[in-house]
1. Would you work out the relative contact order for region 28-146, in percent, from Cα pairs under 8 angstrom that are 6 or more residues apart?
2. For the chain, what is the mean residue ellipticity at 222 nm derived from helices alone (per DSSP H run of n ≥ 4: -39500 (n - 2.57); sum divided by total residues; nearest 500 deg cm²/dmol)?
3. If R0 is 51 Å, what FRET efficiency do you get for residue 458 and residue 398 from their C-beta distance, rounded to 0.05?
4. Can you give me the Cα centroid spacing of region 5-71 and region 113-152 in angstrom?
5. Most exposed first by the Cβ proxy, i.e. fewest other Cβ within 10 Å, how do 246, 303, 32, 439 rank?
6. Given a Förster distance of 51 angstrom, what is the FRET efficiency for residue 158 paired with residue 349, based on the Cβ-Cβ distance and rounded to 0.05?
7. On a 0 to 90 degree scale, rounded to 10, what angle separates helix 10-26 from the longest Cα axis of the chain?
8. Under a point spin-label approximation (7 Å from Cα along Cα-to-Cβ), what is the residue 41-residue 439 distance to one decimal in nm?
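No lab work stands behind these numbers, since they all come straight from the coordinates. All figures in this text were calculated on a predicted structure; none of them were measured in a lab. FYI the Cβ positions are ideal-geometry reconstructions off the backbone, even for glycines, and counts take in every protein chain you see.
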């Protein structure tokens with residue numbers, strides 16, 4: 001059987017190479033790099049360049065712009081997991097100063113992570129991406145006199161200054177510069193040696209391609225100063241493939257799988273008209289070709305970038321180009337995921353019985369059909385004492401449940417996420433029913449004598 005770590009089939013590799021070639025040609029990019037990872041390991045990379053014989057490769061650095069925000073968000077989540085802050089904390093609890101006046105100190109860390117703090121999208125002029133960070137030496141210079149564009153917490157509105165605040169938060173709580181925390185807490189543990197704050201050869205140069213003529217201008221490459229946590233980083237296709245593995249399953253040295261999954265969960269509603277997308281805690285969420293993709297796009301003058309991960313299929317794709325506009329890296333990365341997922345779908349894990357230590361007779365007795373009113377559900381036992389409740393026919397509310405230390409189970413997804421499932425027993429110890437968020441599930445539909453809210457008609461079931 002084919003392993004997910006084996007090279008892709010020649011036909012798949014050719015389709016990927018063709019997509020990158022089309023992207024470079026139609027996007028009029030000086031160069032374009034694409035790469036695909038499966039289960040966190042890069043299995044293909046390809047590139048095209050306008051200079052014959054000088055194609056970049058998966059070790060060539062490109063500036064990744066707002067992909068930097070994912071790294072900043074991970075640093076914040078680490079502080080949360082260490083108990084140094086709570087995501088519901090107001091910013092002013094950890095970061096103080098005159099620049100946090102006018103309500104800025106009241107926005108929460110979670111709102112900043114999910115771009116729902118109401119802050120404006122950009123800094124005051126001049127255009128921060130093409131000017132040195134020394135133009136904005138203080139947070140007040142980044143935020144301006146009127147930092148809010150919308151009511152706090154009411155809508156998703158992407159904000160670059162918001163991530164400057166998060167970078168400053170990391171520095172205040174950790175007591176070291178953002179770049180030092182990034183290197184020691186994420187880059188070094190994950191082996192991302194080619195991800196840096198400043199370009200390290202070999203790296204691509206940034207170019208502006210004239211929209212109406214086949215000519216180019218070099219773009220400046222500025223040190224963004226306080227804005228660095230919003231878009232400073234340079235990286236390679238290979239490093240980003242490795243980072244994709246982390247975004248899929250976490251890494252105990254950096255952030256647990258549960259915390260990474262929390263980052264991937266929608267934290268703010270999508271903007272009006274963008275019902276195919278959303279935003280978690282530092283991570284973009286989109287639906288493409290029937291798949292959920294998580295990751296982030298990025299751009300700075302001279303560069304566009306994208307990393308998409310389909311967690312269900314274990315496939316990730318990177319697209320990098322060195323042009324200010326033109327190459328549609330987000331669409332290309334989505335296409336690279338689709339090509340691999342459709343041509344070489346993931347093999348399911350082989351079925352295996354539960355380990356003997358996990359077989360619990362009391363839990364086995366709970367499995368099987370249950371009825372919420374007349375809706376038929378099945379309760380199934382999973383690994384590590386998890387339970388799965390799913391409709392037996394037709395639409396319904398499926399959910400997984402994790403056992404709680406004090407007894408019962410907590411919902412992990414769907415309608416019942418965060419809700420408690422518990423077993424209610426009779427005086428003699430036998431099972432009466434299941435209680436799920438006050439809903440009663442019985443072994444038979446509306447059985448006489450069962451604990452059905454409102455009771456059961458004494459005449460019982462009848463015909464017309």
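1. Working: 96 pairs, mean separation 15.8, N = 119.
This gives 13 percent for region 28-146.
2. -6500 deg cm²/dmol
3. Values: r = 34 Å, r/R0 = 0.67.
That gives a FRET efficiency of 0.90.
4. 33 Å
5. Fewest-to-most Cβ neighbours within 10 Å comes out as 439, 246, 303, 32.
6. On the way: r = 37 Å, r/R0 = 0.73.
After rounding, the FRET efficiency stands at 0.85.
7. 50 degrees
8. So the label points at residue 41 and residue 439 sit 4.2 nm apart.
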